[in-house]
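Below: one structure, written as structure tokens.
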Amino acid sequence: MQPFARRLSLTSDAGFASMSVPPEAEVIAAAIAGDEAAFRFLYRQHSPLMYGVALRMVAQNAADAEDVVQEAWVRAIRGLASFRGESALRTWLVGITVRCALEAVRRRLPSNASTIEPVAAAARRLDLGVDLERVIAALADGYRHVLVLHDIYGYTHAEIAALLGVDEGTSKSQLSRARRSVRRALEATPMTEECQP
Amino acid sequence: MSLDQLPREIAPPSTLEERTVARLRDERLVQADAHLWSAHRRPSVWWQAIAAGVIFAAGAALGAAWNASREVAPLQPRFLLLLHGATTDSAGDEQDAVAAYRRWAIGLRDDGRFVAGERLAPEATVVPSGPAPEDAVEGYFIVSAADLTDATTIARSMPHVERGGRVVVRRIDTPQ
């Protein structure tokens, strides 16, 4: 048997290596009171998740995603005093981010994008994760939102329904169609040279 | 690569933090010189509450901070999970174990329940001198949980248990 220390080489992204975090309630209380250092602490802790959600919800438009995260933080700090801790702070922040992202998507000019063709076109440039993101970004807004929240961020259909203002049946059917669109697009994609035997 | 392998977190551009802070300053939602909190300077929310309470009683303007802090949900109890030996059968097992611990720790962090965790080096000294206990602690986690039952549920979900290790769960005794 090897010692735990040798077996377990968790990196800092797992939050395991020499990391000590002050109690969240303490940081929240200070942020409510306007302490910039406390805000920066919360920002650095939660913004990567918020930005990941935002970027995918707005179809990889980086400028929109930055606006979404900034707006989400402003609303979060304004409303932080009403945060009751019934959910994790991260969950609460992601909820605000999703609502801001939906507003950003609605403000955009409607595109003529259909569901399948842009996905297939994107998938032809398949390059593992990077292009899987492109495939997701090419999905119609409704499909993409459900797919991102369910398959990447692990939200349930009930949670998605509440976040997006749709019913659970719609969430389920859109997820099914989104997955089918992605699968078809990927199946239609010739293997890149790197992938060939 | 499948969807569930995509990273959930993506680092935003470094300039976004300053732009966000600038907007919050413009809207008077944060102040650079508030100094109400600084990481690692205040070890306990209770000390902060006491200090803020004194300020409030003195009629200082910072009393508002105390009123605001009372809106926050009470701090959950914290528990220490002490990890004792687990077995590893092969190199492949070891890789699986590392991945499993990583997933577990990230999940816990995403739930807002992870407080701290460190692994311990195998070297140890014993005071007063004598043999070290055979079943030494190999690492620990500190998690927030509603109560001992909740913390025990967290401990049961650890890959450490699945791999034959044991986890001792102790509540951290903080003033009530």
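The values are calculated or read from the model by the stated rules, or taken from the named source; none is laboratory data. Small disclaimer: the values here were computed from a predicted structure and weren't measured. Backbone-built Cβ (ideal geometry, glycine too); neighbour counts: all protein chains shown.
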- Query: How many residues does the range B:143-153 hold that are surrounded by fewer than 17 Cβ atoms within 10 Å (Cβ to Cβ) and at the interface with chain A (Cβ under 10 Å from one of its Cβ atoms)?
  - Reply: 0
- Message: Please go through (1) more than 9 Å from chain B (Cβ to nearest Cβ); (2) out of contact with any Asp or Glu (no Cβ under 6 Å at 6 or more places or on another chain); (3) not charged (D, E, K, R) for residue A:91 and return the number of the only condition it doesn't satisfy.
- Response: (1)
- Note on the structure: residue A:71 meets each of (1) at pLDDT below 95; (2) over 13 Å from the mean Cα position of the chain (by Cα) with one exception, condition (1)
- the range A:139-150 residues that are free of Cβ contacts under 8 Å to residues at least 60 places away in the same chain and among the aromatic types (Phe, Trp, Tyr), paired with ones that are surrounded by fewer than 23 Cβ atoms within 10 Å (Cβ to Cβ) and not in a helix (DSSP H, G or I) (beta carbon under 8 Å, 6 or more apart): A:143/A:115
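Matching residues to (1) surrounded by fewer than 17 Cβ atoms within 10 Å (Cβ to Cβ); (2) touching a residue at least 12 places away in the same chain (Cβ under 8 Å):
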position	(1), (2)
B:121	yes, no
B:124	yes, yes
B:155	no, yes
B:162	yes, yes
- Give the range A:1-55 a look and list any residue that's crowded, with 20+ Cβ neighbours inside 10 Å, at pLDDT below 50 and among the small types (Gly, Ala, Ser), or say none. A:14, A:15
- Message: Taking the conditions exactly as written (part of a helix (DSSP H, G or I), surrounded by fewer than 23 Cβ atoms within 10 Å (Cβ to Cβ), at the interface with another protein chain (Cβ under 9 Å from one of its Cβ atoms) and not acidic (Asp, Glu)), does residue A:65 satisfy them or not?
- Response: no
- Message: Under 9 Å between Cβ atoms, which residue pairs at least 6 apart in sequence (or on different chains) link something in the range A:156-185 that is away from every other protein chain (no Cβ under 14 Å) with a partner that is at pLDDT below 90 and not in a helix (DSSP H, G or I)?
- Response: A:177/A:115
- Query: Is it true that residue B:87 is modelled with pLDDT under 80, of a type in the set (Ser, Thr, Tyr) and either more than 27 Å from residue B:5 (Cβ to Cβ) or in a loop (DSSP other than H, G, I, E, B) (or both)?
  - Reply: yes
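Filtering the range B:109-140 down to residues that are within 8 Å of another protein chain (Cβ to nearest Cβ) and within 13 Å of residue B:78 (Cβ to Cβ), which residue is modelled with the lowest pLDDT?
Here is the first cut: in the range B:109-140, the residues within 8 Å of another protein chain (Cβ to nearest Cβ) are B:109-122, B:138-139.
Filter again for within 13 Å of residue B:78 (Cβ to Cβ), leaving B:112-117.
Values: B:112: 73, B:113: 78, B:114: 72, B:115: 69, B:116: 72, B:117: 73.
Filtering first and then ranking leaves B:115.
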